[in-house]
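Trainee: Have a look at this one.
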Amino acid sequence: MPGRPDFFILGAPKCGTTALSEYLRDHPQVFVSRPKEPHYFCDDFDYYYAPGQRTEEHYLRLFDAAGPQHLAVGEASVWYLYSATAARNIMAFDPRARVIVMVRNPVELVPSLHSQLRYMLDEDEPDPEAAWRLQAARARGERLPSTVRVPAFLQYGAAAALGAQLRRVYEAVPREQVKVIVFDDLRRDAGAVYRETLAFLGVPDDGRDEFPRVNENKVHGNAALARLTQRPPGPLVAVARGVKRVAGVQRLGVLDRVRRRNRLVTRREEISPAFAQELREHFRQDVAELGELIGRDLSAWTA
């Protein structure tokens, strides 16, 4: 129904969720929330909402602009798939909700996620292999960055175990309400994936034929400015909340503009062949489970 989300992109991070949500946002009969990642349903990763803000009323305000012309209303929160509670909470919210899951080769996902967490200031170890080896210590609460929002984000082995995560989704959501998209397919033919997704959502094709790359690997131009915009100080946040309340708006957009100006798109360095092989061995069983769940041979990912 208009004004209430009925589809959810669950993640995983760095699997094309931003690209797909932006393509869908441009469709005149699809509404995608801003911000696209409210993370309302993953109450085990409670970092997005200020105290007292995690309410259904606050969440649904993100969809106030949705109207009867929108045949599909949704959002895309990349940590929903990793969350132990999100899929179940979504089904309690709307048992008929449609769910999109995006997956990727974990050997690619781990260094890509590491780079994204570096950009978001959740990660302070510059080398992905070194960060991988810190997982045990971090699980004990040691060697955690002071700016990490959720320490579990730094457990790369668990975050990239997409087979186990999809199994959890299927335990909560009827399979006919789930569409799984493999990132390789999106990269190879974004138009075909887009049209399949529209069909899944019950939305007619708008004839779109251009699909630019979105959310490429990025770094900060200025580290001090990054700290200010990614982790703004408390007094600045309080002032912004007051201004938004008086103005009656959800977002001011000032920090977003500064972040964009401080953003540099760059090619991520390749991990070593030895570390890539270690990741293939680590994820072999999980990749096999993922392939079995979606009925697809993914053995090339761990070959």
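Trainee: Of all residues in the range 5-55 being touching a Lys or Arg at 6+ places or on another chain (Cβ under 6 Å) and touching a residue at least 60 places away in the same chain (Cβ under 8 Å), which is surrounded by the fewest Cβ atoms within 10 Å (Cβ to Cβ)?
Mentor: TYR47
Trainee: Only one of these conditions is not met by ARG188: (1) more than 30 Å from ALA300 (Cα to Cα); (2) modelled with pLDDT of 95 or more. Which number is it?
Mentor: (1)
Trainee: List every residue pair whose Cβ atoms lie under 7 Å apart, where the two residues are 6 or more positions apart in sequence or sit on different chains, the first residue falls within the range 122-151 and is closer than 15 Å to GLU278 by Cα and touching a residue at least 12 places away in the same chain (Cβ under 8 Å), and the second residue, located anywhere, is in a loop (DSSP other than H, G, I, E, B) and aliphatic (A, V, I, L, M).
Mentor: PRO128/ILE271; GLU129/ILE271
Trainee: Please list, ordered by first then second residue, the pairs with beta carbon atoms under 8 Å, 6 or more apart or interchain, first in the range 180-193 and surrounded by 15 or more Cβ atoms within 10 Å (Cβ to Cβ) and assigned to a helix (DSSP H, G or I), second of a type in the set (S, T, N, Q) and at pLDDT 95 or above.
Mentor: Qualifying pairs under 8 Å: PHE183/ASN105; ASP184/ASN105.
Trainee: If I filter the range 43-66 for residues that are closer than 25 Å to ARG195 by Cβ, in a loop (DSSP other than H, G, I, E, B) and modelled with pLDDT of 95 or more, do I get at least one hit? Reasoning before the result, please.
Mentor: Of the residues in the range 43-66, the ones closer than 25 Å to ARG195 by Cβ are 63, 66.
When the remaining residues are screened for being in a loop (DSSP other than H, G, I, E, B), the result is 66.
Remaining after also requiring modelled with pLDDT of 95 or more: 66.
So far as the range 43-66 goes, yes, one or more of its residues are closer than 25 Å to ARG195 by Cβ, in a loop (DSSP other than H, G, I, E, B) and modelled with pLDDT of 95 or more.
Trainee: Next question. Looking at the structure I just gave you, is TYR80 of a type in the set (Ser, Thr, Tyr), buried (at least 24 other Cβ atoms within 10 Å of the Cβ), closer than 17 Å to ALA158 by Cβ and modelled with pLDDT of 95 or more? Write out each step before concluding.
Mentor: Values: of a type in the set (Ser, Thr, Tyr): yes; buried (at least 24 other Cβ atoms within 10 Å of the Cβ): yes; closer than 17 Å to ALA158 by Cβ: yes; modelled with pLDDT of 95 or more: yes.
The answer is yes for TYR80.
Trainee: Can you pull out the residues in the range 20-41 that are small (Gly, Ala, Ser) and within 18 Å of ALA199 (Cβ to Cβ)? Reasoning before the result, please.
Mentor: As a first pass, look at the range 20-41 and keep what is small (Gly, Ala, Ser): 21, 33.
Residue satisfying the conditions is SER21 alone.
Trainee: Here's another thing I want to ask about it. Among GLY74, GLY3, which is the only one that is modelled with pLDDT under 95 and touching a strand residue (DSSP E or B) at 6+ places or on another chain (Cβ under 9 Å)?
Mentor: Numbers: GLY74 fails: modelled with pLDDT under 95.
Only one candidate passes the filter, namely GLY3.
Trainee: Taking the options LEU113, LEU109, LEU117, name whichever one is surrounded by 19 or more Cβ atoms within 10 Å (Cβ to Cβ), of a type outside the set (Lys, Arg), under 30 Å from TYR194 (Cβ atoms) and touching a strand residue (DSSP E or B) at 6+ places or on another chain (Cβ under 9 Å). Outline the logic, then answer.
Mentor: Numbers: LEU113 fails: touching a strand residue (DSSP E or B) at 6+ places or on another chain (Cβ under 9 Å); LEU117 fails: touching a strand residue (DSSP E or B) at 6+ places or on another chain (Cβ under 9 Å).
Selected residue: LEU109, the only one of LEU113, LEU109, LEU117 that is surrounded by 19 or more Cβ atoms within 10 Å (Cβ to Cβ), of a type outside the set (Lys, Arg), under 30 Å from TYR194 (Cβ atoms) and touching a strand residue (DSSP E or B) at 6+ places or on another chain (Cβ under 9 Å).
Trainee: Another question, then. Does the range 49-61 include one or more residues that are under 22 Å from GLN165 (Cβ atoms) and touching a His at 6+ places or on another chain (Cβ under 9 Å)?
Mentor: Going residue by residue through the range 49-61, those that are under 22 Å from GLN165 (Cβ atoms) are none.
Within the range 49-61, not a single residue is under 22 Å from GLN165 (Cβ atoms) and touching a His at 6+ places or on another chain (Cβ under 9 Å).
Trainee: Test VAL148 against the criterion of being of a type outside the set (S, T, N, Q), modelled with pLDDT under 95 and either assigned to a loop (DSSP other than H, G, I, E, B) or crowded, with 16+ Cβ neighbours inside 10 Å (or both), and give yes or no.
Mentor: Working: of a type outside the set (S, T, N, Q): yes; modelled with pLDDT under 95: yes; either assigned to a loop (DSSP other than H, G, I, E, B) or crowded, with 16+ Cβ neighbours inside 10 Å (or both): yes.
Yes: the conditions hold for VAL148.
The values are calculated or read from the model by the stated rules, or taken from the named source; none is laboratory data. Treat the numbers as computed from the prediction; the structure is a model and nothing was measured. So basically every Cβ, Gly included, is an ideal-geometry build from the backbone, and we count neighbours across all protein chains shown.
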